[in-house]
Amino acid sequence: MKKKIIWIIDDDAIYQTIIHKLILKSDVFSAYSSFLNGKEAINTLNNILENNDYLPDIILLDINMPIMDGWEFMEEIKMIKSKISKQIIIYIVSSSIALEDRNKSKTYKDIYGYIPKPVSVNDLITIVSNE
Amino acid sequence: MRNEKNRISFINWFANRPRVSGFLLFITITIATIFISLLSNHILREEERNEMKIILEDANKNIEESLKNCYSTNVSLALTLNNDGVPQNFNVVSKQLIKSNPIISAVQLVPDGVIKYIYPMKGNEAAMNLNILDSKYLQEEAEKSIETQKMYFAGPLKLKQGGTGIVGRLPIYNKNKFWGFSAVIIKLETLIKTSGINSIDQSKYYFQFSKKNPITSKEQFFLPSKTDLSKSYYVYSPIPDSDWILYLIAKNPPVIYPLVLLGVILGIIIAILFGILTTKLLKKPEELRLLLKDQETKLLKNELRFKTIFDQATIGFAIIDACNGDLVEANNKYCDMLGYTYDEIKAKGIVNLTHPDDLDDTLLNIKKLNEGQITEYFSEKRCITKSGKIIWINLTVSPLWENNERPTTHIAFIKDITERKEAEKLIKKSQARFKSLIDTIDGIVWEYDLETMSSTFISKKIEDILGYSVDEYSGSPSFWEDHIHPEDREFALALSAKENKNYINHDYEYRMIKKNGKVIWIRDIMNFVFENGKPLISRGIMIDITTMKEVEKDLNNSLQLVTEQNKRLLNFSYIVSHNLRSHTSNIESIIYLIESAESEEERNEMMHLLKSVSNSLDETMKHLNEVVNINTNISLVTKPLDLSQYVNKARDILSEQIQLNEASFITNIPDNTTINYNSAYLESILYNLISNAIRYRHPQRKPIVTIKSHKENDKDVIEISDNGIGIDLAKNSDKIFGMYKTFSNNSDARGIGLFITKNQIDAMGGIITVDSTINVGSTFKIYIK
């Protein structure tokens, strides 16, 4: 099985460190990139639109971020989606257990699921195998 | 007298029967006409008869004369005889005789009945020797002359010698012994010629000549005639010395003469005319009489009707003497109303009938009426009935005399209005009750006439609610508008005008200003009253809802407070759930990584990470604690604080950053501006806002912070502006004051300053607003309660 490229978009530096460790442990991803807000991720996406080798297979997206939060990111990606040559699976990963966030995530058809923090290695493996 | 009466009744009989009278007159005149006509006809006939008689007489005389001449001829002839009975010179004498008497055609001497001598002989030969006494045909007549010893004319007969003639025979006695006859023969036509018969008017009359047949005794006619004598009109006369009768017959015997007929016709026409004329003439008075009778009947009917009306009317009528007020006449109703009989009431007079309290008024009115000051009068007054009861009447009095005449009588109409008066009393009573009821209603009841656009009623409650009296209200047509609170006036008038156009019941609230200047809240409930689908009036009640409004306001404030609190609480719970969980989840993950660490190095790394999570958690806990403190600190100590002093204090604390960023300040705070605030909060608010203004500076320019203070609606406002990067409010206005909301990648941004600031301002009962433009700057305004 070909290993996947995963992007982590989250402003929590500690979380970024942790998830990096977990990704390495899971050993199902070939590449890993981290972004502190949606804006950074969108900018990068725009740069590599047709480059399948760099485009992510999976994005784990936080909701609350400065500059561009998760929802704004979803709006942005809607607009460039047609230009993206790869199908990207997006999961919301949030420490919020508020029902409204969970419900809101369901209104985006590009969001595959909602994973409450903490994320485990098993979660990562499941995400990949679910694909 | 009796005759006169009879005469009149006789005339009347005819006068009453115009047709019969006309007919009778016609008959009478006709009869008279016929009678006169008959009479005149008769006279005319007599005249004619006389005329005929004269003619006849003439003829008769002529004949008689001729015949008499014949006698003398015969005598002369006889004288020719000598004593022996032999004629001497017969021919000579005869010739002489015929010559003197030309009617005679021949003379004869007939001794013993035998014709022996004839002159002239010529033409008469056949008669010679004829024995006339022997001839049956002649015998009787011959014998008749012998018998009478007179001359007798026989014939007319057919003569032996030819033709028709008459023979006048004179018996001749010689020595008293019958000798024979002397005879003359006269031709009938000669005789007639002599008589002058032929000379008469042939168109009118004709003659007839008759003789009784000696043998048959039948009358024999000799002249040719077609007429039946019995049917003809004629006169006759016998010719002497013969049995002849001479007739004069009218050719066309007129029964009625044309003139008479004309007279009859004229008479009848006149009779008809007179009949018709009389009928017409007699009918005229009859018609007039009928007309009169008709009029009379009508008049009678009218009188009866008026009498009936007078007696049966439901209104009382009375005729009053103008001078003393006595009742001259009164109808049943009038009597009934007052309980008197007709005779009783007549003795009363209006003075006695009128209630003493109303008497002066009545007398004054009558006086005015009599003096011509008024032409009639109406009044409502009281009367006293026979039983002493007081009744109310409606009275109308009109004079029954012309304006320039002396007052004679008045006619009065009265109507019992006691019931109405009582009803009125009741109505007044109930009106008063309703009024007092309305006045007890805890609201100003009002009524407005939509047609006249004027107020028609306002209840007394206006004094309690607005402090103005009813009169003050009524005195000003624009009272209502004038006393509406200026801020509500436009709205209230517009609404009222709108609903007054659509006629929709509505209620609305507005403020009014009381007489004492106090503002009160009014709820005005307005209804339209329709009649036949047309709105006539609007009615309403103005209720004082000031207390209610205050309560409502308090309630609204509380609600707002509660809502705000709730929102903060929700936000807080979210913060707790999110911020704490983000730490706990990190801890959880780190623990997993420590447990699964493959090297000591890795484990140490994780332990290090755990420590920083622990610090973060601690910080978050502190923040939360701070927030909880702000929100739970109910009894915050506030005191007047010098604003400038606190601004300077904040600048001192931030002096390092100010220097570092080369920030400059523009402060515009009026001297001695003091605000009532909690000291720590003011310090914190100013610190957070100024530090943000510097922290989010625009990278291409030096930060300028402007701090201003002024009053808005009596409230202190602190305004802090910067020329920094600004915030996209379109995106972030809802989260700008949220916890851990950061809008830049500035590593210093913790997303707590504005959150704390907002909580502090809220806790002080104030408001914070933000106005910002990206790349231009932001302005925060703090409204201090």
Any chance segment B:656-663 includes a residue that's closer than 15 Å to B:GLY777 by Cα, buried (at least 17 other Cβ atoms within 10 Å of the Cβ) and not β-branched (Val, Ile, Thr)? yes
Of all residues in segment B:495-539, how many are in contact with a helix residue (DSSP H, G or I) (Cβ under 7 Å, 6 or more places away or on another chain), crowded, with 16+ Cβ neighbours inside 10 Å and aromatic (Phe, Trp, Tyr)? 2
For segment A:2-49, how many residues are touching a residue at least 40 places away in the same chain (Cβ under 8 Å), more than 11 Å from chain B (Cβ to nearest Cβ), more than 17 Å from B:ILE590 (Cα to Cα) and not β-branched (Val, Ile, Thr)? 3
Checking B:ALA106 against (1) assigned by TED's automatic domain parsing to the domain that holds B:LYS150; (2) under 23 Å from B:LYS193 (Cβ atoms); (3) modelled with pLDDT under 80: exactly one of these is not met. Which one? (3)
Given the conditions (1) under 22 Å from A:ILE5 (Cα atoms); (2) outside any helix (DSSP H, G or I), and given that A:VAL128 satisfies all but one, which numbered condition is not satisfied? (2)
Looking for something over 30 Å from B:PHE457 (Cα atoms), of a type in the set (Asp, Glu) and away from chain A (no Cβ under 14 Å) - is there at least one such residue anywhere in segment B:562-571? yes
Filtering segment B:574-603 for residues that are at the interface with chain A (Cβ under 9 Å from one of its Cβ atoms) and part of a helix (DSSP H, G or I) leaves a count of 18
Which of the numbered conditions does B:GLN645 fail, given that it passes all the others? Conditions: (1) within 13 Å of chain A (Cβ to nearest Cβ); (2) loosely packed, with under 15 Cβ neighbours inside 10 Å; (3) not aliphatic (A, V, I, L, M). (1)
Of the conditions (1) over 29 Å from B:ASN579 (Cβ atoms); (2) free of Cβ contacts under 8 Å to residues at least 60 places away in the same chain; (3) of a type in the set (D, E, K, R), B:GLU719 clears all except one; give me its number. (2)
Of the conditions (1) out of contact with any strand residue (DSSP E or B) (no Cβ under 7 Å at 6 or more places or on another chain); (2) outside the structural domain of B:PHE207 (by TED's automatic domain parsing), B:ARG49 satisfies every one except a single condition; which number is it? (1)
Pairs please, first residue from segment B:464-476 and under 16 Å from B:ILE543 (Cβ atoms), second anywhere and of a type in the set (Val, Ile, Thr) and crowded, with 16+ Cβ neighbours inside 10 Å, Cβ atoms under 6 Å, 6+ apart in sequence or on different chains. B:ILE465/B:ILE444
Residues B:MET606, B:MET542, B:MET526: which one is part of a helix (DSSP H, G or I) and on the phi < 0 side of the Ramachandran plot? B:MET606
Inside segment A:115-131, can you point out the residues that are more than 14 Å from chain B (Cβ to nearest Cβ), of a type outside the set (A, V, I, L, M, F, W, C) and surrounded by 14 or more Cβ atoms within 10 Å (Cβ to Cβ)? A:THR126
Among the residues of segment B:688-696, is any of a type outside the set (Asp, Glu), surrounded by 17 or more Cβ atoms within 10 Å (Cβ to Cβ) and assigned to a loop (DSSP other than H, G, I, E, B)? yes
So, restricting to strands (runs of 3 or more DSSP E) that lie completely within segment B:700-785, which ones have at least 1 residues that are within 14 Å of chain A (Cβ to nearest Cβ) and modelled with pLDDT under 90? none
Only one of B:ASP471, B:ASP488, B:ASP464 that is in contact with a Lys or Arg (Cβ under 6 Å, 6 or more places away or on another chain), among the acidic types (Asp, Glu) and assigned to a helix (DSSP H, G or I): B:ASP488
Given the criteria more than 23 Å from B:THR452 (Cβ to Cβ) and either in contact (Cβ under 8 Å) with a residue 24 or more places away in the chain or within 53 Å of the chain's Cα centre (by Cα) (or both), does B:MET542 qualify? no
Conditions (1) within 17 Å of A:PRO116 (Cβ to Cβ); (2) exposed (fewer than 15 other Cβ atoms within 10 Å of the Cβ); (3) not charged (D, E, K, R); number of the one not met by B:ASN566: (1)
Does B:SER496 fit the bill of being more than 14 Å from chain A (Cβ to nearest Cβ), in a strand (DSSP E or B) and more than 30 Å from B:PHE737 (Cα to Cα)? no
Subset tally (residues that are part of a helix (DSSP H, G or I) and surrounded by fewer than 15 Cβ atoms within 10 Å (Cβ to Cβ)) for segment B:353-386: 8
Out of B:ASN571, B:ASN579, sole residue that is in contact with a His (Cβ under 9 Å, 6 or more places away or on another chain), surrounded by 15 or more Cβ atoms within 10 Å (Cβ to Cβ) and at pLDDT below 85: B:ASN579
In contact with a Pro (Cβ under 9 Å, 6 or more places away or on another chain), more than 30 Å from B:ASN91 (Cβ to Cβ), in contact (Cβ under 8 Å) with a residue 12 or more places away in the chain and not aromatic (Phe, Trp, Tyr): does that describe B:GLU48? yes
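The rows are residues; the columns are (1) more than 34 Å from the chain's Cα centre (by Cα); (2) closer than 30 Å to B:GLY372 by Cβ; (3) without any contact (Cβ under 8 Å) to a residue 24 or more places away in the chain.
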{"residue": "B:ARG289", "(1), (2), (3)": "yes, no, yes"}
{"residue": "B:LYS293", "(1), (2), (3)": "no, no, yes"}
{"residue": "B:LYS298", "(1), (2), (3)": "no, no, yes"}
{"residue": "B:LEU304", "(1), (2), (3)": "no, no, yes"}
{"residue": "B:PHE317", "(1), (2), (3)": "no, yes, no"}
{"residue": "B:ASN332", "(1), (2), (3)": "yes, no, yes"}
{"residue": "B:MET337", "(1), (2), (3)": "yes, yes, no"}
{"residue": "B:GLU344", "(1), (2), (3)": "yes, no, no"}
Identify all residues within segment B:149-163 that are farther than 23 Å from B:THR80 by Cβ and exposed (fewer than 14 other Cβ atoms within 10 Å of the Cβ); write none if there are none. B:LYS158, B:GLY162
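The values are calculated or read from the model by the stated rules, or taken from the named source; none is laboratory data. Because the structure is predicted, anything quoted here is derived from the model rather than measured. Every residue, glycine among them, receives a Cβ derived from its backbone with ideal geometry; neighbour counts consider all protein chains shown.
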